[in-house]
Each structure stands twice: as structure tokens, then as C-alpha cells.
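The values are calculated or read from the model by the stated rules, or taken from the named source; none is laboratory data. Because the structure is a prediction, the values reported are computed rather than measured. No Cβ is skipped: glycine too gets one built from the backbone with ideal geometry, and neighbour counts run over all protein chains shown. The accessibility values were calculated without ligands, DNA or RNA, using every heavy atom of the protein model including side chains. Shrake-Rupley method; radii C 1.70, N 1.55, O 1.52, S 1.80 Å.
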Amino acid sequence: MAELFREVMGRAKEENRTYLMEHECKAVLESIGISTTGSEVARSEGEAVRIAEAIGSPVVLKVMSPEVVHKSDAGGVKLDLRGPDEVRRAYAEIREAFWGKGVVGVAVQEMAPAGTEAIVGVARDPTFGPILMFGLGGIFVEILQDVSLRSIPITEHDAEEMIAGIKGHALLEGYRGRSADIPALKGLLMRISDLVVEHPEIAEMDLNPVFLYPDGYKVVDARIIIGDAPEVAERIPPKIQDLHDLFYPKSIAVIGASGTKGKLGWNVFCNLINHDFKGELYPINPKAESILGIKAYPRISAVKQPIDVAVILVQASMTPEVVKECCDCGVKYVIVESAGFAEMGDAGRKIEEEMKAITDSYGVRLLGPNCSGIINTHCSMVQSIGIVDALSRGNIGLISQAGVCAAGMLWGLRHIMDFGIVATIGNKLDINETDMLEAVSQDENVNVICMYLESVKGGRRFIDVAKRITTKKPIVALKSGRTEAGKKAVASHTASMAGNDLVYSAVFKQAGVIRARDYEHMFNLSRAISKQPFPKSEGVFIITYAGSLGVISADAVIDEGMRLSELEPDLKERLLDLLPEYVGGTNPVDYTFSMDAETVKKTIEIGVGSDDVGSFIVILQAEILGSYVEPLGKIDYRGKPIMVCVAGKEFAMEDVIKMENVGIPVYQTPEQCADAISVMYRHWQLSV
Ligand code: ADP
Ligand code: MG
């Protein structure tokens, strides 16, 4: 195959073409076991007839010209030709209609029997490189955008998900006597993925249409566009470092530390002191003798002690010089918290390049610029540019592109969420989100990772790294900038998908990353995952004090693809004994305002004993929430998660915080509870 591809490519190059012609594409595809209608080039009427006779009736004739992209729109496709006369006529018509339009010949090929039309395509995404697209032909792709995407290479499981993932999937399973050969289709997707891996110079490919049959398929039209093989740099792991000393430094210098309240250099230094960082601190400021009682130095070279991390807060224009001095002093990691770089335009970008050249030449790793440093509660280290109040030590690792998103929300969320590490990455000049993900995932204090991203710099490596981590330490990501992805006018449908937000959704799915819809969703999910075990089955047991909220919960559970659990007869008996006479139904169990902590505890314990109960949604009254904290906190749930819903929880925050602190997440609505449960259940399924 490689031989044939090289030959075809060579010819294209000779003829100054950046694309392969249909017959060349089909020959390449056939050579790797992909079934096509084939195609041969006729340069005269007589030749067309001869080829047609060899193929057998009926045949198809198509114009071959680099100037005609949509052949059928222009009348360049003649179908169902039977006998030499029809072939001759079609040939003449094509020659006449496209006279002077760069016609290089007329393609003659077998006419494939009608089947379900599908499209398979390849395009290069600016972030993730080659992506594979699959969809059903006609309006499904063009109007409904019903496609599935994956980054190449794909696994067999990815191929299955791509096929099952389109909305029109039912049509493939069988509809009005038609169905598709799913295993064959899977094979087609895998082969295309392999082909692109082997030939990275394939920039775009469009198999449109592919006819799907109950037994096999046929590629009817094919186009391949050739480009330069993309850089493979993203696939090579960067300098191997676990970044350990960045998270657990023994000494920190703060360059630009200030004794003046309100300055950022004051905030950062104050945070380090107030949170009681145990390592050495060196404030660097030429105008101060000491800052907050700690001896100050005029410059970092005056310290003469080993320094693991230097936090830099000087103005952007001075940073290259300061960074160089840090490198000269043997600093292991540089964190540039100052702003005014690439985010401000070209001048700032230039300064970044200068800094990068310096750190690269020393092999020193740089975090930022335009970030808010790192918080590691497990070593009492807070480098944030905003003042941060006391934090508890937790298991959530938050990686945030923006500083404000990380530290700004801590003021409130620290009451109900326990963070281990909060790492901000800013402009990602050197250390990017993927490096950070890899490093944070290695921290034994962290077992769920939350990411706020505006872009991904790690490319395909992000997928490979995330995939390795997420089944052990789930990753919840919020990717903003969804609406930015503009629609481009490009020749193929696959190309129009590149750079689209759908690619992010697909890639997250491929990697097993849970994509949060919004800011609140990200924290809702990571809170649940950080506090509760995963549901191991679909059955949800609902306990409520109000019928309406029970019904809403049941709807939400079903909508999320979960179901209501069914108690075994003996457990049902026990439950009925517990229920007041006027209470009907055993799931949801509706106590109609006659509920107390002891009853709920007993009810939950019945559910814990049932094989069909995988999780609990418990709806509690805000006004007596406090009375539930201890009893619910003490139950042995035997690995089954519980989510509490309190309508109006914002007015009962004191008790909500207590409940959260015994490890039970409290949500505003039944829908949020059901969502958390189903997301966790689906994620758990990835690992089994
Ligand atoms: P284009 O996409 O440039 O308009 P195609 O080669 O896809 O041209 O042909 C247009 C349509 O004609 C196809 O969508 C398909 O329905 C039909 N067609 C083309 N070639 C064949 C063939 N060999 N067998 C059966 N139908 C074909
Ligand atoms: Mg076509």
C-alpha cells in the first residue's frame, strides 16, 4: 500500500496537484481493503465504451477536473448508463458541458446499488490535528449537523461510539427494511484512521457518499487533499519532570514582594505568611529592609541560598532580565504572575518569546505569565494574587487557565469544597494544561481533577494523558469560548468541523473527560465526585418530604437515563411497616411533611440493603436541615452515593455547610442531584 500511495503522491507532485483524483483515491483505498466502486479514466469516447463493457452494465460517468468540486451540481455525473450508446452520449455531454474547464478525462465506474448514504471524512483541527468524521449523508450532515468526530488515531471502542453517537443511529440498525453492516463500517473507520496515521501528509479526505448495505458498504466518491506533514511535536512528551518541587518547594523567593497594603506583591507575600508556609521565604525588593517581618533582599542574586521557586511580580518589560537572573541563581521553577504579555498583543508576545528563549536555554520550567501561582493546601502554600482565607486540606485538584476563576471563587466555595491543589496556568508559555494535568494527577492527595480551559496547547497529547488519568482520577473540564467557533465556508463538511467546539466535546468524550456545561456545573460535579463514591448500578432510590419534588426527581432520574430502583419483597415489607398509613408508593418514598431524621435514616438503611439500589436522592426541608446532619453522616452507605436536595438551600447555608462537611453534597434542585448521579454512573462504566 505504502508503495502505491508514494507512487500516486509522486504523480500528483509532478503535476503540481495538491489533491488526489477520484480514481487515485479509490485505488489507494482498495489497496488497504476498503471497498469502492473503483474508477478508471477514459480520454476518448471509445475508451469509455471499452472500460464500460469490461465493468458490465450499468455504469457511471463523471467529469474529472480540478475546477469542478461539486460534480453533480454542475451536471458532471451521469448515472445508470446501460449499453454503449448511452455511454457515448454521456461522454459527449460531459465533454461539451465542461469544455475549457480543465477536464483531464472522464471517470468510468461501476454503478453501486442504492444504499443508506453516509459520509466519512478527515480534516485537520488546529488544536488536535487530524480528526475523523462520520455522519449520514444528505440533510443529516448538511442541515442537522448530525455527525460524530474523534481525534485520529481512534480505537475500536471509539469507532463503535462514533457510529452509535449520531442521532440517526436508529437508521443504521434497521429502518423500512434497510440496515447497515456495523462491523464493516467500524472496519472502514479504523482503516481510514490507520491510513492517516501512516500518511500524515493527508490533510483532508472526503468519502461522500459511502453507500451502506446490510452486507458491506461501497465508497462511491472520494477526495484526498495533500498538505505538508504536520509537526508531530505535540506527540512527543516534553521534558520529563514531575514538577514535584513546584508544588512542594522548600524555598520561595517573591520578586516584587511589597510592604504596601493593596499591592499585588503584598497580597502574594501576605498569603504565604498567613497560610503559614513552612519553607524559606525570601522577599525581593530593593527598597525594603524587611517585609512583614521577613528580611528582604535587593535582588535574587543577593540571597545566596538554594531557591526552588521564584514568583515574579515585576512589570512585564522587566521580566526577561529578572527571569535570567533567577536562572543564573539556580532557581528550579519560575512563576510569572505579572500580566501584560501575549494577552495584550504583539509587544507582550515578544517579551514572552524572550523569556521562553532564556528558560529554555537553562532548562528551567516557567509557569504563566499572567497567572495566579499555585495553592497547595497540603503544604500550606498560597501564592495567589488575591487574598485567600483559610482553606481546608482536600482532594480536589483544580487547574485553571485564569487566575480569577481559581482564586476568586475560593472565598465562597472553600466552605463546601476541599481543595488540595489549585494551579493556575495563565498564558501557558511553557507549562501548559497537559503538563499540569499530568503533574497534578501524580499528587497522592488529589483524586479528582477539575479544569477550567480556554484552549488546549497539548494537542493530541492532552487526549492520551487525560485518558490515562481519568478512570483513576476523574477529570471534569469546563471549556469556554464555545460560541466563538465561527462557521467557515469550506469545500467539505469535515473541514467545516475543524476548529469547531464540537471537536472539544468529541475529544473530551474520547479521553473520558467529563465536560461541564457551565461554571456551576463544573463545581457541582467535582464536589459530588470528591465526596461520594460512584454509583455501581442504575437504580436510584428517592426519599422526599414533598410529593412534587419526588415526582420531579423521578422525571429527572429517567431523563438522565437512570431508573427508579425496585426493592426486594422483604425490604419492601420492612419499608411499608415504617411508612405512615397515608403514604403511598415505595419509590419515591413520600413522607408528606411527616419526616424526621430517624425515619430517613431507617429508610436509607433499607435501601442500602437492596441489590437494586445504586444511589440515593434525599429531599430535605431547609428549615430542619440541621437535624439531619449527624444521623445521615453516620450511616454506613456501603459504597452507595447519596445526594441531598434542599430547595432554597441558599437561605440555610449554615446547615448546608455542616452537611457538606460530613461529606454529603447538597444541591438546589432534584435535577442537579440526578445529573450528578448519572454523570458519575456513566463515568464509572468507563472503568469496568
Ligand atoms: P459530487 O459529490 O462531486 O457531486 P459524486 O461522485 O458524489 O459527485 O456523485 C454524486 C451522486 O451521484 C452521489 O451522491 C451518488 O448518489 C451518485 N453516484 C455517484 N457515483 C456513483 C456510483 N458509482 N454508483 C452509484 N451512485 C453514484
Ligand atoms: Mg460526492
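The figures follow:
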{"item": "Inter-label distance, nm, simple model (7 Å from Cα along the C-beta direction), Asp242/Ser505", "result": "3.8 nm"}
{"item": "Percent of beta bridges antiparallel (DSSP, the chain, rounded to nearest 5)", "result": "50 percent"}
{"item": "Extent along principal axes [Cα atoms of the stretch 19-107; Å; largest to smallest]", "result": "36, 29, 20"}
{"item": "Carbon plus sulfur fraction of accessible area for the stretch 217-353, probe 1.4 Å, in percent", "result": "54 percent"}
{"item": "Sulfur and carbon atoms: percent of accessible area, the stretch 386-466 [1.4 Å]", "result": "49 percent"}
{"item": "Charge context of Pro214, other residues only, Cβ under 12 angstrom, K/R +1, D/E -1", "result": "-2"}
{"item": "Solvent exposure ordering (accessible area, 1.4 Å, most first) of Asp158, Asp636", "result": "Asp636, Asp158"}
{"item": "Probe 1.4 Å, accessible area per residue of the stretch 557-688, Å²", "result": "45 Å²"}
{"item": "Whole-number accessible area per residue in Å² for the stretch 1-147, which is evaluated in the context of all protein chains at 1.4 Å", "result": "47 Å²"}
{"item": "Solvent-accessible area per residue for the stretch 369-480 (1.4 angstrom probe, square angstrom)", "result": "27 Å²"}
{"item": "Calculated P(r) of the stretch 55-122 - Cα pairs past 13 Å, %", "result": "64 percent"}
{"item": "At 1.306 mPa s and 10 °C, Stokes D of the stretch 282-389 from Kirkwood alpha-carbon radius, µm² per second", "result": "109 µm²/s"}
{"item": "Charge dipole (debye, nearest 20) of the stretch 62-170; +1 at Cβ of Lys and Arg, -1 at Cβ of Asp and Glu", "result": "460 debye"}
{"item": "The chain - charge dipole about Cα centre, Lys and Arg +1 at Cβ, Asp and Glu -1, debye rounded to 20", "result": "1440 debye"}
{"item": "Mean shadow area of the stretch 345-439, taken as a quarter of the surface of its Cα convex hull (nm²)", "result": "6.6 nm²"}
{"item": "Gain in span if fully extended, Lys472 to Lys356, counting 0.36 nm per residue against the direct Cα distance", "result": "38.4 nm"}
{"item": "Solvent-accessible ranking of Arg527, Arg178, Arg349, largest area first, probe 1.4 Å", "result": "Arg178, Arg349, Arg527"}
{"item": "Percentage relative contact order, the stretch 525-602, counting C-alpha pairs under 8 Å, at least six apart", "result": "38 percent"}
{"item": "At 1.306 mPa s and 10 °C, Stokes diffusion of the chain via Kirkwood alpha-carbon radius, µm² per second", "result": "55 µm²/s"}
{"item": "Along principal axes, Cα extents of the stretch 634-688, largest first, whole Å", "result": "40, 25, 12"}
{"item": "Most positive-pole-ward Cα, Ala528, Ser338, Val656, against dipole of the chain from beta carbon charges", "result": "Ser338"}
{"item": "In Å, descending, principal axis extents of the Cα set of the stretch 566-688", "result": "40, 38, 24"}
{"item": "Carbon + sulfur, % of accessible area of the stretch 631-688 - ligands and nucleic acids excluded, 1.4 Å", "result": "54 percent"}
{"item": "Surface/4 of the Cα convex hull for the stretch 418-472, nm²", "result": "3.8 nm²"}
{"item": "Pairwise Cα inverse-distance average, inverted: Kirkwood Rh of the stretch 428-573 (Å)", "result": "18.1 Å"}
{"item": "Theoretical gain in end-to-end length, Tyr519 to Glu47 [0.36 nm per residue, Cα-Cα removed]", "result": "163.4 nm"}
{"item": "Residue order for Asp570, Asp146 - accessible surface, 1.4 angstrom probe, largest first", "result": "Asp570, Asp146"}
